[in-house]
1. Going through VAL31, VAL82, VAL76 one at a time, which residue ends up being within 8 Å of the ligand (Cβ to nearest atom), outside any helix (DSSP H, G or I), within 21 Å of MET108 (Cα to Cα) and not small (Gly, Ala, Ser)?
2. If you check every pair at least six apart or on different chains, which have Cβ atoms under 6 Å apart with a residue in the range 72-100 that is hydroxyl-bearing (Ser, Thr, Tyr) first and a residue that is crowded, with 19+ Cβ neighbours inside 10 Å second?
3. Are any residues in the range 117-176 small (Gly, Ala, Ser) and either free of Cβ contacts under 8 Å to residues at least 12 places away in the same chain or more than 23 Å from LEU208 (Cβ to Cβ) (or both), and if so, which ones?
4. Whether any residue in the range 60-72 is open to solvent by less than 30 Å² (accessible area, probe 1.4 Å), outside any loop (DSSP other than H, G, I, E, B), touching a strand residue (DSSP E or B) at 6+ places or on another chain (Cβ under 9 Å) and of a type in the set (Phe, Trp, Tyr) is what I want to check.
5. What's the number of the condition GLY39 fails, among (1) surrounded by 12 or more Cβ atoms within 10 Å (Cβ to Cβ); (2) modelled with pLDDT under 95?
6. Among the listed residues LEU23, LEU49, LEU88, LEU53, identify the single one that is more than 19 Å from the chain's Cα centre (by Cα) and not small (Gly, Ala, Ser).
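The values are calculated or read from the model by the stated rules, or taken from the named source; none is laboratory data. As the structure is a prediction and not an experimental result, all values here were calculated from the model. Please note: Cβ atoms are built from the backbone with ideal geometry, for glycine as well, and neighbour counts cover all protein chains shown. What goes into the accessible areas is simple: the full protein's heavy atoms, side chains included, and nothing from ligands, DNA or RNA. Shrake-Rupley method; radii C 1.70, N 1.55, O 1.52, S 1.80 Å.
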Amino acid sequence: MTRPRAIVTGASAGIGLAVSERLAGEGWDVVGVARRFTGEAVAPFARTLSVDLARADGVDSFARSLAAEERGVDAVISCAGVGRFAPLESLAIDDLRHVVDLNLIAPMILARAFVPLFKTRRRGDFVFIGSEAAHIAGPRGTAYCASKFGLRGFVQSLRIECAARGVRVSLINPGMTDTAFYEGQAFVPGSEDHQHLRAADCAGAVALVLNAPPGTVYDEINLSPRTRVIRKT
Ligand SMILES: NC(=O)c1ccc[n+]([C@@H]2O[C@H](COP(=O)([O-])OP(=O)(O)OC[C@H]3O[C@@H](n4cnc5c(N)ncnc54)[C@H](OP(=O)(O)O)[C@@H]3O)[C@@H](O)[C@H]2O)c1
């Protein structure tokens, strides 16, 4: 029997790596996409591709050649993302562009390349990692919240466009998750088990979406640590 195949962005670390490990453990072939793969991060992958998805000018050609090469892919899971948190006037224009290009434009361009394939085959899953910041804005989050609110709107519209052609579109919105996302930030989640999610929790939500019966779509899953604690660093 042919193994299902998934493309996972942001696959070298954090949530994307946990998703890749979970899917590989469930018998999927995983094509990992990130800027660099090192050491153990290579283990779960059938193929790795090093690309900078924040370079908006190069993402379209990357996405179109990937869609041409990977015609057997069953799922595209967009995890790559970054946070830049500061008052708006302290964020450089390059920061604004970087956050929006990576968190919003790149997943849109990647999905755009695979939609025709999925619609023709009348099946396929798009899964996007959003954030609690797709629902609730906070201070210092102008760029990040704009990217995640935008992603949520994109996902809702794409779901409507694709549903009649058998394609499912889902959004996973984690709360604070213990990953390298917070490296260099002025805050981190609480250290107690109930004060942060683990990347594996988010991977579990992705598996739930992909393993649903073909006629069932998880539109959106919100998951949070039981207790919301933000520690200043
Ligand atoms: N951690 C949280 O609390 C949290 C909460 C809600 C939502 N999220 C979302 O979850 C997603 C994953 O975050 P994470 O927590 O797993 O962060 P992470 O541990 O920092 O991982 C980020 C991943 O994105 C990749 N990446 C970063 N910049 C890239 C670029 N320019 N081009 C290609 N790949 C790039 C990184 O790989 P390379 O550095 O090798 O490129 C890495 O694989 C993001 O969309 C984030 O917004 C995170």
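1. VAL82
2. Matching pairs, first to second residue: SER78/THR9; SER78/PRO107; SER78/PHE128.
3. ALA137, GLY138, GLY141, ALA143, ALA146, SER147, GLY150, GLY153, SER157, ALA164
4. So far as the range 60-72 goes, no, none of its residues is open to solvent by less than 30 Å² (accessible area, probe 1.4 Å), outside any loop (DSSP other than H, G, I, E, B), touching a strand residue (DSSP E or B) at 6+ places or on another chain (Cβ under 9 Å) and of a type in the set (Phe, Trp, Tyr).
5. GLY39 satisfies every listed condition except (1).
6. LEU88
The rows are residues; the columns are (1) surrounded by fewer than 17 Cβ atoms within 10 Å (Cβ to Cβ); (2) at pLDDT 95 or above; (3) β-branched (Val, Ile, Thr); (4) touching a helix residue (DSSP H, G or I) at 6+ places or on another chain (Cβ under 9 Å).
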site: GLU183; (1), (2), (3), (4): yes, yes, no, no
site: HIS196; (1), (2), (3), (4): no, yes, no, no
site: LEU210; (1), (2), (3), (4): no, yes, no, yes
site: LEU223; (1), (2), (3), (4): yes, yes, no, yes
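Listed here are the residues, each with its yes/no results for (1) farther than 20 Å from ALA134 by Cβ; (2) in a strand (DSSP E or B).
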| residue | (1), (2) |
| --- | --- |
| SER170 | no, yes |
| GLN185 | no, no |
| HIS194 | yes, no |
| ASP201 | no, no |
| ALA207 | yes, no |
| PRO213 | yes, no |
| ARG228 | no, no |
